[in-house]
Amino acid sequence: MFTAQDVAKLRAQTNAGMMDCKKALTETNGDFEKAAIWLREKGIAAAAKKQSRIASEGVVGSYIHMGGKIGVLIEVNCETDFVAKTDAFQQLVKDLAMQVAAANPKYVRREEVPAQELENEKEILRVQALNEGKPAQIIEKMVEGRVTKFYKDVCLLDQDFVKDSSKTVQEIINEATLTIGEKISVRRFVRYEMGEGLEKRNDNLAEEVAKQMAGK
């Protein structure tokens with residue numbers, strides 16, 4: 001087991017995010033040294049050290065699904081105009097735009113989820129757990145675990161990367177940060193789906209895009 005103090009200590013030592021530190025300690029059964037190694041191996045710690053830099057360059061990338069049924073605009077930032085023009089950065093932006101098209105996130109990161117929306121989701125999860133007959137003393141722990149699944153559904157950085165589901169989008173960005181050598185961040189995106197909100201045939205366009213990304 002580990003404490004909140006352990007998470008804070010690991011965060012201070014590695015500059016990684018709180019949730020990443022918590023995950024590292026969970027994966028290593030609370031072993032502090034192994035958790036630090038786990039973060040380094042994942043590239044989280046090294047990438048996090050670049051997050052204090054200013055990333056004001058970058059590009060607005062776009063992706064239009066075949067037939068014009070889904071369109072995405074996404075702003076991805078880096079530190080220099082030179083990097084913004086490289087093939088590696090341009091490919092990353094394209095992949096991220098396709099990710100938005102396929103997985104349909106609502107937000108870039110967890111911090112953007114409105115507090116009321118999160119509390120509403122937690123209340124739904126509490127009721128579900130109660131209806132399942134779960135003991136009251138473990139319901140909150142269950143809710144926190146299921147909230148993680150909620151974040152994976154609605155937050156781009158938490159989602160499994162469509163091209164490689166063994167990694168999250170954040171891990172893909174971390175890897176690109178290490179390879180390119182500059183801070184990389186997603187600022188915002190907008191996704192349009194043709195006929196959205198109108199009564200129409202139930203085509204699974206997101207699944208179609210995901211299959212295209214996976215080369216199927």
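The set of residues in the stretch 142-168 that are touching a helix residue (DSSP H, G or I) at 6+ places or on another chain (Cβ under 6 Å), part of a helix (DSSP H, G or I) and among the hydrophobic types (A, V, I, L, M, F, W, C) comprises Met142, Val143, Phe150, Leu156, Leu157. Filtering the stretch 100-124 to residues that are buried (at least 18 other Cβ atoms within 10 Å of the Cβ) and outside any loop (DSSP other than H, G, I, E, B) leaves Val100, Ala101, Ala102, Ala103, Tyr107, Glu121.
Can you pull out every residue in the stretch 52-64 that is surrounded by 16 or more Cβ atoms within 10 Å (Cβ to Cβ) and not in a loop (DSSP other than H, G, I, E, B)? Don't jump to the end; show me each part of the working.
Keep residues of the stretch 52-64 that are surrounded by 16 or more Cβ atoms within 10 Å (Cβ to Cβ), which gives 55, 57-59, 61, 63.
Within the stretch 52-64, Glu57, Gly58, Val59, Gly61, Tyr63 qualify.
Number of residues in the stretch 132-166 that are surrounded by 19 or more Cβ atoms within 10 Å (Cβ to Cβ) and of a type in the set (D, E, K, R): the value is 1.
Conditions (1) over 20 Å from the mean Cα position of the chain (by Cα); (2) assigned by TED's automatic domain parsing to the domain that holds Ile184, marked per residue:
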site	(1), (2)
Ala8	yes, no
Ala16	no, no
Phe32	yes, no
Ile44	no, no
Leu73	no, yes
Val76	no, yes
Ala88	no, yes
Lys94	no, yes
Ala101	no, yes
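Kindly check whether there is at least one residue in the stretch 189-210 that is over 19 Å from Ala102 (Cβ atoms) and at pLDDT 85 or above. No: the stretch 189-210 contains no residue that is over 19 Å from Ala102 (Cβ atoms) and at pLDDT 85 or above. Taken over the stretch 67-85, the residue count meeting the criterion of being in a loop (DSSP other than H, G, I, E, B) and either β-branched (Val, Ile, Thr) or within 27 Å of Tyr192 (Cβ to Cβ) (or both) is 5.
The C-beta contact set for the stretch 65-76 (first residue surrounded by fewer than 16 Cβ atoms within 10 Å (Cβ to Cβ), second residue of a type outside the set (Ser, Thr, Tyr) and not in a strand (DSSP E or B), distance under 7 angstrom, 6+ apart or interchain) comprises Gly68/Met194.
Name the residue, out of Ser62, Ser56, that is of a type in the set (S, T, N, Q) and closer than 28 Å to Arg11 by Cα.
Numbers: Ser62 fails: closer than 28 Å to Arg11 by Cα.
Only one candidate passes the filter, namely Ser56.
Considering the stretch 12-48 alone, what residues qualify as being buried (at least 20 other Cβ atoms within 10 Å of the Cβ) and of a type in the set (D, E, K, R)? Residues satisfying the conditions are Asp20, Lys42.
So that you can scan it fast, the table gives a plain yes or no per residue for (1) of a type outside the set (A, V, I, L, M); (2) over 26 Å from Ala214 (Cα atoms):
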residue	(1), (2)
Gly67	yes, no
Thr80	yes, yes
Lys85	yes, no
Leu92	no, no
Arg109	yes, no
Pro114	yes, yes
Lys122	yes, yes
Leu125	no, yes
Pro135	yes, yes
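The listed residues are Lys50, Lys106, Lys94, and the only one of them that is out of contact with any Pro (no Cβ under 9 Å at 6 or more places or on another chain) and at pLDDT below 95 turns out to be Lys50.
Looking for whichever is part of a helix (DSSP H, G or I) and within 25 Å of Met213 (Cα to Cα) here; the options are Ile139, Ile172. Which one fits?
When all the criteria are applied, what remains is Ile172.
The values are calculated or read from the model by the stated rules, or taken from the named source; none is laboratory data. Since we're looking at a predicted model, the values are computed, not measured. Note: ideal-geometry Cβ built from the backbone for every residue, glycine included; neighbour counts use all protein chains shown.
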